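These notes are about the structure you will find just below.
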Amino acid sequence: MEAGRTTAPSRPRAVATKYVYDFVEGSREMRELLGGKGANVAEMSRVLGPERVPAGFTITTEACVAYLAAGEEPEGLAEQVAEALDRLERSAGKRLGDPGDPLLVSVRSGARESMPGMLDTVLNLGLHDGCVDGLAAMSANQWFAWDSYRRLVQMFGNVVRGIPGDLYERELTAARSAAGVELDTDLPVQALRDLVDRFKAAFSQRTGEEFPQDPGEQLRQAIRAVFDSWSGDRAVQYRRINRIPDDWGTAVNVQRMVFGNRGQTSGSGVAFTRDEVTGAPRPSGDFLVNAQGEDVVSGVRNTREIDELRDLMPEVYAELMEILGILERHYRDMQDVEFTIEDGRLYMLQTRSAKRPAQAAVRFAVDAVREGLLGRDEALLTIDAASLDALLHPTFDPAAEYRVLARGVAASPGAAKGTIVFSAPDAVAAAEEGRDVVLVRPFTEADDVAGFAAARGILTSEGGKASHAALVARGMGRPCVCGASELAIDLSARSMTAGDTVLREGDPIAINGTTGDITVDDVALVEPEMGDEFATVLAWADELRRLGVRTNADTPDDARRARQFGAEGIGLCRTEHMFFNPERDALVKRMFLSAEGWRRLRADAQQAADDERPDAQRRFDQADAAFWRELSELQALQRADFESILEAMDGRPVTIRLLDPPLHEFLPVEHFRAEVERLEQEGGDDRLETARRELALVESLSEANPMLGTRGARLGILYPPIYEMQVRAILEAAIATARGGDPPRVEIMLPLIAYETELRLLREFMVRVAEETMEAAGERVEYSVGTMIELPRACLVAARIAHYADFFSFGTNDLTQTALGFSRDDIEARILARYIDRKILDRSPFETIDEPGVGALVRLAARSGREARPDLKLGICGEHGGDPDSIEFFERVGLDYVSCSPYRVPVARVAAAQAAVRAA
Ligand code: PEP
Ligand code: MG
C-alpha cells in the first residue's frame, strides 16, 4: 500500500470506449472484440502485407451489443467511424463519393464464430449519380462502373431496406431477354443504366425515400443494417442450432473495395487449402471471371473449378497457391479463403479455419502430422470429435435437397429411409422379407425392441434424448428421431399426420437422426467409411488419453461390436435390457407378477410365524418354491448371456448392473387391460380369470411416478430373490468363463442407491449368495461390488456410501433427472425449446452435463468418495459418457473412465484425448 496518500481520489474521467480498430491494429487473438473476420483480416494483413489485403477498419462487437441494447448508435461511434474513414481515404488516396475518382467500400458482418450467409453484407458502397462517370473514366471501363452501381442499388435495397430479392432478379431476367443475352456480364452498358433507374424507382416506391446519394448516409444505414441482421430470424435460428450465444453481437468490417468485375483479367473466388470434402492435400475452390464475390457464393452463375485458373491466369494461380500454403502454415489449420483478382492483381479478403466434414478432418489431421505441420496433440485438436459420428453411420448426402416434413429431437445419429410401419412385429416381418422400414411409434416400450433391430430407423412423436427409444437406438447404432411433436400418430388407423400431409403404412419416409429432420423425399444416403486414417487418429488418441473408455453393452453382439470400436471393458450392462425381446418379455412379466405374489405369500407366512402357527415354515417354503420356479428359467438365460458377454470381453472388466426397471415399462397397465378385453370378447374361460387377476395385480402395482418408484435397489430390498437369481447367474457365468480361459473381471453394480444402509444390506446379501454359489461350484472367482451414483443424496453422502463400494459409476441420466427435477423422457419435446428461447438453457442437460449443478454433485461425490476410500474406482455410464463437452469435464474431475454406447466409443476415445491435451 502507498504510504502518506492524503489527496482525495480524483474524479473519474470519462474514457470513451474504443469502438473502431484499423486492420493494422488488430490480430487473431482479438476475435471476441473484432469478430472472426475482423481478427483474421487484421492478422492476414500482418502476414501477407498491406499490398495483398485491402485496408479497412472494424467496428467492434461491443458497439453492436450497445446499439442493440439502446436501439441507437452508442455515443462516440459516429465520430470514430468518421476518423477511421478519413484515415482509410488518406491511405487509399481517394475519397468516398469523390466525383472524379471515388473510393468504394464493402461493409461486411463478422461474428465471433462464422455464421455463413446469416448476416448482412453491402458491396460497392459510396457510389452515387454524381460519381459513376468518374469511376468509369478512372477505370476506363463504363461497363464496370454501371455494373457496380446497379449492384449497390440492388444490394442496398435488398439488404439494408428489406426489398425482396426476387424483384431485382425479375428485372435482371427481363433485361437479359430484352438484350438477347444469357449472362449478366453480357448486358450492354445501356441496359445496366436502365436497371439502375428501375432499381432506384423500386427503392423510392417501396421505401417512400430516394436512394441515398450521400455516401456518409449510405454507410450509416449499412452499418445499422449489419447490426440489425444479428437479430434477424435467419441469424437467430442459426444461433439456436449452433448454440451461439445471443449476446455476442457481430462486428462490422469496412474495407476498401477491389473489383473482380473489371473485365476478363478480373474475378472473384473462394478456395480451401485442401480438398474441402475429402481433406486430400490439394487446394480446392471455385471462381468466376468478371464477377464480384457474392456471385460466387449466391449460385446465380455456374462457377469454375479453381484448377482452371491455372490456365487462365497462371501467375495469379501460382501466387494464390503460395498464399494458401503461407496461411495454412501460419494458422496451423486448414483454411478457407476469399479472394478477388482486379486487373490481374490478387487480393485476399478473408481467411478462416475451414469447416469440414469428419472425413476431411481426419485426413487433414493425419496428413498434417505426416508433413510435419503439426504435432499429434495439435492435430487431434483440429478435429471436431462429435462430428466423427458421421464416419460410423450412413448420412444424408450433403448435396441432397429435400423438404423437411417435420423436425424432432436428434436422438441417435445417422440417417435411415424406408417405408413406414407402425408396430414392432410389422418391422420384424418386413425385415424377414428383406424390406427396409422405419418404425414409427408415439413412444416405445420394452416390447418394441425387436422392432428396433429390424427397422432401419426409429421415429417417435414423444420422448427425448434420454428416453428409452433413444438409449436403445443409440446402443444398437440405429438412427432415431424422437419427440417429433408435430406428428399426430394414429396407431389404430395406421396413419400419421404432419400439417396437411397424411402418411400411411407403406409410404416412404426418411429420417436424419443427426439433425432431427424428417422428410418424405427420396434423399440419397452416403454409407460410412472407417478408413486407415481414422484408425491412425484413434491410435494417437489412445496414446494421449488418460481416461479409460468402456461401453454400455447389454448383449454379446453389442459387446463384440464395442470391442471392434476399441472399448476397454463394459461400464454398464443393463440387465433389464436383456429381456427386451418378445419371449423373454413374457417371462419377465411373469417374474414380476410372481414377485408380488411371493411378497404377499411371505407376508401371510410371517403373520403365521408371528402367531406361532405350526404351518408358518411350510408357507414360507411354498412361497419361495413358487417364485423360484419362475426365476430358474430366467437364471439359466441370464447365465448364458453373461457367459457370452464375459467371453466377448476376454478378461476385460465387465460391470453388470442388477435389475433396474421402471415397472411401468414391463407391466404396462394398458397391455393387461387389452388382454382382458380381448378375452372378454372371446367369451370367458379360465384364461380370462387369470387375466383379470393379473390386471388387478398390475393395477395395484402401478405408480404415479414410476421413475421414482419401485426401481433399482428398491426392487432388491422388496423382492430379494430377483437379485439373488442374478448374482447366482453372474457368478456361475464367471466360474464357467474362468474354466475356459483368462479369469473374467466381474463388477456387480447396484442401481439407484440413496442410503448407505441400502448398499450395506444388499452387499452383505450379495456376498452371501456369491459365497454359496462358489462353494456349490467348488471354485472361486474374483468379483467386486459397487454402485451407481445417480441420486443427489448419494452424492451428498458419498463418503459413507464409499465405505461399502469398490467403485462408483455416475448415472448422470437419473442424476440429471433427479437433481433438476426434469423428466428425462419429456423435457426435449415439451420444455426445452422454450427454455432455449428464454435463454434459461442453451442445450439439453441430458446431452451435455449441467456443470454448475449436476457437475458439482459429481465433483463432490468423486472427491469425498476418494477421500473416504483412496482406491475407489470412478466411472460414468450415463449418456454424457459419449458427449465430448461432458468428457472434458470428467477429465477435469479426475474420473477413471467413461462408458458410452458402442457407436460412441471412437468419439469418446478422441474426446478423452483432446480433454487430456487441453488439461495438460
Ligand atoms: C443413468 O441413470 O445415468 C444410467 C446410466 O442408468 P439408466 O439410464 O439405465 O437409468
Ligand atoms: Mg439410471
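The values are calculated or read from the model by the stated rules, or taken from the named source; none is laboratory data. Being a predicted model, the structure only gives us computed values, none of them experimental. Note: ideal-geometry Cβ built from the backbone for every residue, glycine included; neighbour counts use all protein chains shown. Side chains are part of the model used for accessible areas, which takes the heavy atoms of the whole protein and leaves out ligands, DNA and RNA. Shrake-Rupley method; radii C 1.70, N 1.55, O 1.52, S 1.80 Å.
Listed here are the residues, each with its yes/no results for (1) part of a helix (DSSP H, G or I); (2) of a type outside the set (A, V, I, L, M, F, W, C); (3) over 30 Å from D101 (Cα atoms).
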position: Y238; (1), (2), (3): yes, yes, yes
position: I244; (1), (2), (3): no, no, yes
position: W248; (1), (2), (3): no, no, yes
position: G260; (1), (2), (3): no, yes, no
position: T265; (1), (2), (3): no, yes, no
position: T278; (1), (2), (3): no, yes, yes
position: N302; (1), (2), (3): no, yes, yes
position: V316; (1), (2), (3): yes, no, no
position: L327; (1), (2), (3): yes, no, yes
Qualifying residue in the range 710-728 (condition: open to solvent by less than 20 Å² (accessible area, probe 1.4 Å), under 15 Å from M788 (Cβ atoms), within 16 Å of ligand 2 (Cβ to nearest atom) and not in a helix (DSSP H, G or I)): yes
Residue count, the range 510-540 (criterion: closer than 26 Å to N242 by Cα, among the small types (G, A, S) and over 20 Å from the mean Cα position of the chain (by Cα)): 1
Criterion violated by D554 - all others in (1) touching a residue at least 12 places away in the same chain (Cβ under 8 Å); (2) charged (D, E, K, R); (3) more than 21 Å from A729 (Cβ to Cβ) satisfied: (3)
Per-region count, the range 620-650, residues farther than 18 Å from Y723 by Cβ and surrounded by 19 or more Cβ atoms within 10 Å (Cβ to Cβ): 6
Subset of the range 848-880 [of a type outside the set (K, R), away from ligand 2 (no atom under 16 Å from the Cβ) and touching a Gly at 6+ places or on another chain (Cβ under 9 Å)]: A862, L872, L874
Number of the exception - S495 against (1) open to solvent by 10 Å² or more (accessible area, probe 1.4 Å); (2) without any contact (Cβ under 8 Å) to a residue 60 or more places away in the chain; (3) closer than 30 Å to D814 by Cβ; (4) among the hydroxyl-bearing types (S, T, Y): (3)
Count of the range 484-520 residues which are outside any strand (DSSP E or B) and among the acidic types (D, E): 4
Condition broken by F822, with the remaining ones in (1) open to solvent by less than 20 Å² (accessible area, probe 1.4 Å); (2) assigned to a loop (DSSP other than H, G, I, E, B) satisfied: (1)
Any pair with Cβ under 7 angstrom, 6 or more apart, that starts in the range 685-702 at a residue that is part of a helix (DSSP H, G or I) and ends at one that is surrounded by 14 or more Cβ atoms within 10 Å (Cβ to Cβ) and of a type in the set (D, E, K, R): A691/E675; L695/R673; L697/E596; L701/E596
Subset of the range 785-806 [surrounded by fewer than 24 Cβ atoms within 10 Å (Cβ to Cβ) and either in contact with a strand residue (DSSP E or B) (Cβ under 7 Å, 6 or more places away or on another chain) or at pLDDT below 95 (or both)]: V785, D806
Helices (runs of 4 or more DSSP H) completely within the range 401-483 that count 2 or more residues being among the charged types (D, E, K, R): 424-432
Residue match in the range 883-890 (condition: more than 21 Å from the chain's Cα centre (by Cα), outside any strand (DSSP E or B) and in contact (Cβ under 8 Å) with a residue 60 or more places away in the chain): no
Residue in the range 359-367 that is over 30 Å from A493 (Cα atoms) and open to solvent by 20 Å² or more (accessible area, probe 1.4 Å) present: yes
Criterion (closer than 22 Å to P528 by Cβ, out of contact with any strand residue (DSSP E or B) (no Cβ under 7 Å at 6 or more places or on another chain), touching a residue at least 40 places away in the same chain (Cβ under 8 Å) and open to solvent by 20 Å² or more (accessible area, probe 1.4 Å)) met by exactly one of R356, R376, R332: R356
Residue in the range 590-599 that is assigned to a helix (DSSP H, G or I), surrounded by fewer than 21 Cβ atoms within 10 Å (Cβ to Cβ) and within 16 Å of ligand 2 (Cβ to nearest atom) present: no
Failed criterion for V296 (all others in (1) modelled with pLDDT under 95; (2) assigned to a strand (DSSP E or B); (3) crowded, with 21+ Cβ neighbours inside 10 Å hold): (2)
Counted residues, the range 827-877 - those being part of a helix (DSSP H, G or I) and either in contact with a Leu (Cβ under 6 Å, 6 or more places away or on another chain) or modelled with pLDDT of 95 or more (or both): 19
Any hit, the range 215-224, residues being without any contact (Cβ under 8 Å) to a residue 24 or more places away in the chain and either open to solvent by 30 Å² or more (accessible area, probe 1.4 Å) or under 26 Å from L34 (Cβ atoms) (or both): yes
Exclusive hit being buried (at least 20 other Cβ atoms within 10 Å of the Cβ) and either within 16 Å of ligand 1 (Cβ to nearest atom) or farther than 28 Å from A648 by Cβ (or both), set E732, E756: E756
Residue ID - surrounded by the most Cβ atoms within 10 Å (Cβ to Cβ), chosen from residues in the range 760-784 that are outside any helix (DSSP H, G or I) and not polar (S, T, N, Q): V781
Any chance E670 is at negative phi and free of Cβ contacts under 8 Å to residues at least 12 places away in the same chain: yes
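Looking only at the range 808-818, decide whether some residue is assigned to a loop (DSSP other than H, G, I, E, B), of a type in the set (S, T, Y) and within 14 Å of ligand 1 (Cβ to nearest atom).
Checking the range 808-818: not a single residue is assigned to a loop (DSSP other than H, G, I, E, B), of a type in the set (S, T, Y) and within 14 Å of ligand 1 (Cβ to nearest atom).
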Filter result (within 15 Å of ligand 2 (Cβ to nearest atom), of a type in the set (A, V, I, L, M, F, W, C) and either more than 16 Å from H880 (Cα to Cα) or under 23 Å from the mean Cα position of the chain (by Cα) (or both)) within the range 805-818: F810, L815
Filter pass, R745 being open to solvent by 40 Å² or more (accessible area, probe 1.4 Å), within 16 Å of ligand 1 (Cβ to nearest atom) and charged (D, E, K, R): no
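Every residue, every condition in (1) hydrophobic (A, V, I, L, M, F, W, C); (2) open to solvent by less than 10 Å² (accessible area, probe 1.4 Å); (3) part of a loop (DSSP other than H, G, I, E, B), yes or no:
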position	(1), (2), (3)
T536	no, no, no
A539	yes, no, no
E543	no, no, no
A562	yes, yes, no
E568	no, no, yes
A608	yes, yes, no
R618	no, no, no
Of all residues in the range 575-586 being at pLDDT 80 or above and either at positive phi or open to solvent by less than 20 Å² (accessible area, probe 1.4 Å) (or both), the one that is farthest from ligand 2 (Cβ to nearest atom): D585
Subset of the range 137-165 (residues that are basic (K, R) and outside any helix (DSSP H, G or I)): R161
